[in-house]
1. In whole Å, how far is the Cα centre of segment 180-209 from that of segment 51-77?
2. Length gain on complete extension for the stretch residue 194 to residue 61, per 0.36 nm per residue less the alpha carbon to alpha carbon distance?
3. Which longest run of the chain has no exposed loop site in it, a site being trypsin sites (Lys or Arg not before Pro) in a DSSP loop with at most 14 other beta carbons within 10 Å, and the site itself not part of the run?
4. May I have the pair-distance distribution P(r) for the chain, computed from all Cα-Cα distances with 10 Å bins from 0 and rounded to whole percent?
5. At 0.36 nm per residue, minus the direct Cα-Cα distance, what do residue 112 and residue 187 gain on full extension? Give it in nm, one decimal, please.
6. Counting only helical runs of four or more DSSP H residues, what would the 222 nm mean residue ellipticity of the chain come to if each run contributes -39,500 (n - 2.57) and the total is spread over all its residues?
7. From Cα pairs below 8 angstrom and at least 6 apart in sequence, can you work out the relative contact order of the chain, rounded to a whole percent?
8. Helix 189-198 sits at what angle to the longest principal axis of the chain, using alpha carbons and giving 0 to 90 degrees rounded to 10?
Amino acid sequence: MLTLPPDRFLIFGHRGASAHAPENSLAALRLAAEQGADGVELDIRSTADGELVVHHDASIEGLGPIIEHTAAGLRRVEPGLLSFAEAMEACRGLIVNIEIKNFTTDPDYDPDDRVAAEVVTWVHENGWDDRVIISSFNSATVDRVRHLSGSVATGQLILPGANVADQLLAAHVRGHQALHPHVTSLTDAADLASVAAGIGMWLIAWTVDDPETIRALRKDGITGVITNDPANAVAALS
């Protein structure tokens, strides 16, 4: 399982260095590393033929839902679309926050959590257990990951406006290592960081690009940030 270096504030590239290259692309993932990010966050969805691909939205403009097309068909239209395996290969040396997209309103909603099971299997078989956090907004999905594996770190994503203190304790009780709140929810960041530290959890905020906010969160003891611009974050902390 992933262990984080003590007293190190972590910078994750949001879909790679998406301020400088197309999100979730090979260029964005590689650039995040070049800019000094500790890790990246990327998004997983499934094609009609069951291949795991890296894409934020459920649909591709002009094509429609990803789940309605084969991987080969998608690549004819979007040649830069990465498979999960290709993206992970590009992230060698980084921590990877793997977000499993599974909103009930999406056309690819996966009530059986087949995608979660496939992600866990791939992580185990390819030796990534100690380099990933598997996360989701869907609490059932992230709980399924925890049920399937005791050797990967898991994180609960929460939407803006959620009660971070309540969600932090709930995630801890359910066996997760991390909570990912929106930065606007961290109105009492220092107190929340203290609670998280006391129960051995990580607080990683999304999506944070403002240098002053990044510096304040480090001072308050937050574990790290997910940012569109890792270079900007590194500069803010230097």
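1. Cα centroid to Cα centroid, the span is 34 Å.
2. This chain segment gains 43.6 nm when fully extended.
3. Numbers: sites that count: 8, 92, 174.
That gives 9-91 as the longest site-free run.
4. Bins of 10 Å from zero give 8, 34, 38, 17, 3, 0 percent of pairs.
5. Numbers: separation 75, 0.36 × 75 = 27.00 nm, distance 3.56 nm.
Net length gain for the segment: 23.4 nm.
6. Values: 9 runs with 83 residues, N = 238.
It lands at -10000 deg cm²/dmol.
7. Numbers: 490 pairs, mean separation 49.5, N = 238.
The value is 21 percent.
8. For 189-198 against the chain, the angle is about 80 degrees.
None of the figures in this text is laboratory data; all of them are computed from the coordinates on show. Bear in mind the structure is a predicted one, so any value in this text is a computation, not a measurement. Reconstructed Cβ throughout: ideal geometry from the backbone, glycine too, with neighbour counts over all protein chains shown.
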